[in-house]
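Right, one structure below, let's go through it.
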Amino acid sequence: MKKPLLSSALALLLSCGSALTAQTVGSLPDKSPFLDLHDGMRFGLVAGWLATGSDPVGVGPKSAPMLGLRYDVAIGGPVYLTGSLFGTSTTRTVLDYTKSRATRDIGTQSTGLVNANVAIAMSLTGQRSWHRLQPLVNLGVGVVSGPGDKADISGYKFGTQFSFSYGLGVRYVTGHNSELRFDLNQYWWQLKYPDNYRSTQGDPVAIKAAGSLGAYTANTALTVGRSIRSF
């Protein structure tokens, strides 16, 4: 009688041990590094630094702090639609085409710079975060304008141009309805120079003696933002 009882007890202990071992393999749901994200619409504020690119003539807007708004919405799978609007207050160099090369730089004038952009972003971890982090890549198009920028003595002003962008971002999920966002984006737009930059009235060598009266510049934006989920 004792032997069958001992065998039964041993079998029960082995089965319990196997069950416990099976439960400890992998990660328990509350210990998993992955967190499913049920994204809705998100609105946020962003701030950072816009490092403007150089151009052949050197009359483009200068680097400056930037402030803006962001809108994000999930449109299917790991893909998001992002809308952003940012602005900055900066200056640009003024060149006088009627002066010699040594004296044609006559200072700077203030200008605004506003960019409206729509982008498609894709998550590299799908519809979830890893240790609350979600890396993203994005590609977008937009319009950039220089409100308040008046034509200078040479007839140049920033005007309004199309732009396109690409970049990397990281979401850090701080709560069910909130997140921090870090982005590094590059925006490309064109500077269009006036015909006066061909003039030799002030000097035998014109401001832009050869080549196109236009140049694309690469402008880098580094931003941090705070977004709140809505609906």
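Each reported figure results from applying straightforward, stated rules to the coordinates on display, with no laboratory input. Source: prediction; values computed, not measured. Positions of Cβ are backbone-derived with ideal geometry, glycine not excepted, and every protein chain shown enters the neighbour counts.
A few remarks follow.
- If R0 is taken as 35 Å, the Cβ-Cβ distance between V79 and N177 corresponds to a FRET efficiency of 0.95.
- With the simple spin-label model, which puts each label point 7 Å out from Cα in the Cβ direction, the A210 to S100 separation comes to 2.4 nm.
- Cβ-derived FRET efficiency at R0 41 Å, S32 paired with V143, nearest 0.05: 0.45
- Region 33-97, Rg to Rh (Cα coordinates; Rh as Kirkwood inverse mean 1/r): 1.21
- Furthest towards positive pole of dipole, Y80, V114, L124, structure part region 74-135, Cβ charges: L124
- Once both labels are positioned 7 Å from their Cα atoms along Cα-to-Cβ, the gap between T125 and V224 label points is 1.9 nm.
- Total formal charge among the other residues, if their Cβ is under 10 angstrom from that of I106, Lys/Arg +1 and Asp/Glu -1: -1
- Region 161-192 versus region 210-227: alpha-carbon centroid distance in Å: 13 Å
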